[in-house]
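Okay, structure first, notes after.
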């Protein structure tokens, strides 16, 4: 098989050279673009607080496929298995509920020490870590409000949680030598008709300012804020709307998170990148696949995933856009879900890097839209798959669908032995 991969690779290099695309240069650049994989696919967003509580905040993980992780050791083993099947640089995105502590720790009391084992492991795996405060699935978020809560005490609890989370995030960046992107998302909103939409947003604005009052080294920590259109239980009003957070990120200089599932069904975040990047210093992308609503399906190599990657590459936003994934599917093998989604995001980036962008840009600038469309369509048929296969081979990961056999073997030897 390696001989056929090499033959296809050599032919592909020539085909792309014919349209002035340097394939080896594209692979070198791909090796500088990490994708931040999300820990919560491995355990259905349960976390390790051991409270026995259920998911709230409009979050649902459907399905009961056997073998989910029940503790940090199992989750890290599953992540290692997934990482071994994905080529190129990767990061890991953690939520606050994935802490490791001997006893119960309130969320506003989390400290770097509760994530020390994650940092040691990340250093061994040569990974960067990203972070999120967990403002859902908690008794003090049960009525649907956190940072915008009308009760001063409850609101202060969530402010302190986010403040503590920022310190954990800065610890990640300081220890691992790569800045941690910490994203704030809250579920705050109302199910039905809302009379006062302004007051909760005023409270949220003041709370976020309090959260970010402590100045942290941006070489260690990057703040990001994330909007959402609606959620289960917040169908009529979401405090942290797109307009709110765009205004906040623009005025405060934070990164803005664009989640593929957090807008109207006909909106796409690929079209928002070039607008938002004019006003905010950085973007965080949560690449997901919404089906009718923010349902967080496994990422496909579909038109929108490709459009997101292409926009990053065409505008050379490599140092200003952070790519993360956000999906969780409990109806299929969870490790396979990670591998499928992350490999697809990387495939999309590779395809974008193999586009003759400068030639297309010149055609557009000269008004030759006929040639622009013709070249775009012809380029779709070029043998990018052969380049991807070579990239997998260079990183010593399975080519094509061969990775599935490794997942099946892991499922038989490890996942099926787990209870519950």
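FYI, it's all coordinate maths here, none of it is from the lab. All values derive from a computational prediction rather than experimental measurement. Cβ placement follows ideal geometry from the backbone for every residue including glycine, while neighbour counts extend to all protein chains displayed.
So the values come out like this:
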| item | result |
| --- | --- |
| Net lengthening on full extension, residue 369/residue 292 (0.36 nm per residue, minus Cα-Cα) | 24.4 nm |
| Spatial separation of Cα centroids for the stretch 310-374 and the stretch 22-53, in angstrom | 17 Å |
| Extended-chain gain in nm, criterion 0.36 nm per residue less alpha-carbon gap, residue 218 and residue 417 | 67.3 nm |
| Nearest-ten-degree value, helix 303-314 long axis tilted from longest Cα axis of the chain | 80 degrees |
| From the C-alpha gyration tensor of the stretch 10-150, square roots of 5λ in Å | 37, 17, 16 |
| Angle in degrees between helix 384-394 and the longest Cα principal axis of the chain, rounded to the nearest 10 | 70 degrees |
| Listed peptides 16-23, 35-42, 170-177 by packing density, highest first (mean Cβ within 10 Å) | 35-42, 170-177, 16-23 |
| Least to most buried among 155, 418 (fewest other Cβ within 10 Å first) | 418, 155 |
| Spacing of the two label points (7 Å from each Cα toward its C-beta) at residue 22 and residue 271, in nm | 3.5 nm |
| Residues listed by number, the stretch 1-28, amide nitrogen under 13 Å from residue 359 label point at 7 Å toward C-beta | 14-23 |
| Length released on extending from residue 50 to residue 100, taking residue separation times 0.36 nm less the Cα-Cα span | 17.0 nm |
| Global form of the stretch 173-302, assessed from the alpha-carbon gyration tensor, a/c cut-off 1.5 | oblate |
| Convex hull volume per residue for the chain, taking Cα atoms only, in Å³ | 143 Å³ |
| The chain: angle of helix 198-211 to the longest principal axis, Cα-based, in degrees nearest 10 | 80 degrees |
| For the stretch 242-379: rounded, prolate or oblate by the Cα gyration tensor [a/c cutoff 1.5] | oblate |
| Relative packing of peptides 236-242, 28-34, 337-343 - highest average C-beta neighbours within 10 Å first | 337-343, 236-242, 28-34 |
| Per-peptide average of other Cβ atoms within 10 Å, ordering 98-106, 66-74, 363-371, 284-292 highest first | 284-292, 66-74, 98-106, 363-371 |
| The chain - mean residue ellipticity at 222 nm from DSSP helices (-39,500 (n - 2.57) per run, n ≥ 4, rounded to 500) | -13000 deg cm²/dmol |
